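Engineer: Structure below; questions to follow.
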Amino acid sequence: MTALSAEPEPTTPARRELPLSMVERMTLIMDAFAGRSTRLTLEDVARSTHLPRSTAHRILDQLVRLDWLDHTSFGYSLGRRALGLGGRNGSHGEIREAAAPLLHNLQIKTGMVVHLAVLDGSDVFYLDKVGGRFALSVPSRVGGRAPAHSTALGKAILAWLEPEQVEALVGRSISRLTSRTIGDIGTLHQELNRIRQRRGLAFERGECFPNIACVAAAIRGHEGPVASISLVGDARMPLEKVAPLVVDAARQASLAFFPDLDSPRRSRRARRAPDRTWSSESMNRFLTVGQDGDWL
């Protein structure tokens, strides 16, 4: 007698098993941040990692407390530890948080790439980058560096330092990246003096990257500059039209990070902060464009 063959049991769809260990779950979440400037909401993280929303929220909170992530009203982004900032000033995360909504507003108003950077030795260190369609053509990245003397971001900060400090920071390392880069300390001092005459507005056209132009202003506190904000565009773009927006964003960031700057007891350095508004007459007086397109 032939034995009846057993019918195969119906198969059920395989369920994805969630990682059991906390380390695995934290790794899943960190891997969800594809780039240094990626911002994700809680829903984005839960959807990307397939973790329960409550679990993702709990781990995100822990990662924020440990500085692996930053959290602002715009979502989560990589923090100073993940960006290699572990040994640097712990206030960098606070600067990013204070500036984040202002950077986004600048990008929305102008459609241009917005940078936030701090001075680190003779370089600027990019803390944030908010971009539009032009972002991919700007070879900067969060966590990256550029020589301070070749960028509007760096010159905006250097302009408010004492000349001796400027020479100590960049005097020995000054060099040309392009044919338009400032190549000696004397010319740099002249440029920084022009920036002070423009009430802190710094420009550069093709000095760091060819065919790219920037306008920047420093975020300043009681003891001087702590960071700077810039707008980036094509080298042929008339930046004088957006310059007042950069000044205003830097002023607002200064007040957000140093709320008592408007106090009557503010320091002498703080009193030198840029004015709140720029009239067209002020812009014409402080911004002069040469016939070859250089900012004088």
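Engineer: List pairs: first in the stretch 101-114 and touching a residue at least 60 places away in the same chain (Cβ under 8 Å), second in a strand (DSSP E or B) and small (Gly, Ala, Ser), Cβ under 8 Å, 6+ apart or cross-chain?
Structural biologist: Met112/Gly233; Val113/Gly233; Val114/Ser230
Engineer: Among the numbered criteria (1) at pLDDT below 85; (2) crowded, with 17+ Cβ neighbours inside 10 Å, which single criterion is violated by Val114?
Structural biologist: Result: Val114 fails condition (1) only.
Engineer: Identify the residue in the stretch 158-174 that is open to solvent by less than 10 Å² (accessible area, probe 1.4 Å) and without any contact (Cβ under 8 Å) to a residue 40 or more places away in the chain and, among all such residues, is farthest from Arg194 (Cα to Cα). Give the derivation first.
Structural biologist: The first filter runs over the stretch 158-174 and keeps only residues open to solvent by less than 10 Å² (accessible area, probe 1.4 Å), leaving 158-159, 166, 170.
From what is left, the residues that are without any contact (Cβ under 8 Å) to a residue 40 or more places away in the chain are 158, 166.
Numbers: Leu158: 12, Val166: 15 Å.
Among them, the one singled out is Val166.
Engineer: If the requirement is being open to solvent by less than 80 Å² (accessible area, probe 1.4 Å), under 29 Å from Phe125 (Cβ atoms) and at pLDDT 90 or above, which of these qualifies: Thr55, Thr27, Thr41?
Structural biologist: The unique qualifying residue is Thr41.
Engineer: Is there a residue in the stretch 63-82 that is open to solvent by less than 10 Å² (accessible area, probe 1.4 Å), modelled with pLDDT under 85 and in contact with a Gly (Cβ under 9 Å, 6 or more places away or on another chain)?
Structural biologist: Yes, that holds for at least one residue.
Engineer: Could you pull out every one of the strands (runs of 3 or more DSSP E) wholly within the stretch 159-257 that has 1 or more residues that are in contact with a Pro (Cβ under 7 Å, 6 or more places away or on another chain)?
Structural biologist: Working: elements: 202-205, 212-221, 224-234.
Qualifying strands (runs of 3 or more DSSP E): 212-221.
Engineer: Continuing with this model, one more query. Kindly indicate the residue of the stretch 95-111 that is among the charged types (D, E, K, R) and under 13 Å from the mean Cα position of the chain (by Cα) and also least open to solvent (accessible area, probe 1.4 Å) among those meeting that condition.
Structural biologist: Restricting to residues being among the charged types (D, E, K, R) and under 13 Å from the mean Cα position of the chain (by Cα), the top hit is Arg96.
One line per residue, one yes/no per condition, for (1) in contact (Cβ under 8 Å) with a residue 60 or more places away in the chain; (2) surrounded by fewer than 18 Cβ atoms within 10 Å (Cβ to Cβ):
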{"site": "Ala146", "(1), (2)": "yes, no"}
{"site": "Ala156", "(1), (2)": "yes, no"}
{"site": "Arg176", "(1), (2)": "no, yes"}
{"site": "Arg180", "(1), (2)": "no, yes"}
{"site": "Asn193", "(1), (2)": "no, yes"}
{"site": "Gln197", "(1), (2)": "yes, yes"}
{"site": "Val226", "(1), (2)": "yes, no"}
{"site": "Ser230", "(1), (2)": "yes, no"}
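Engineer: To continue, here is another question. Just checking, which of Ser179, Ser137, Ser150, Ser173 is at pLDDT below 90 and within 22 Å of the chain's Cα centre (by Cα)? Spell out how you get there, then give the answer.
Structural biologist: Numbers: Ser179 fails: within 22 Å of the chain's Cα centre (by Cα); Ser150 fails: at pLDDT below 90; Ser173 fails: within 22 Å of the chain's Cα centre (by Cα).
It is Ser137.
The values are calculated or read from the model by the stated rules, or taken from the named source; none is laboratory data. All figures in this text were calculated on a predicted structure; none of them were measured in a lab. Every residue, glycine as well, gets a Cβ built from its backbone with ideal geometry; the counts of neighbours run over all protein chains shown. These area figures cover heavy atoms from the full protein model, side chains too; ligands, DNA and RNA do not enter into them. Shrake-Rupley method; radii C 1.70, N 1.55, O 1.52, S 1.80 Å.
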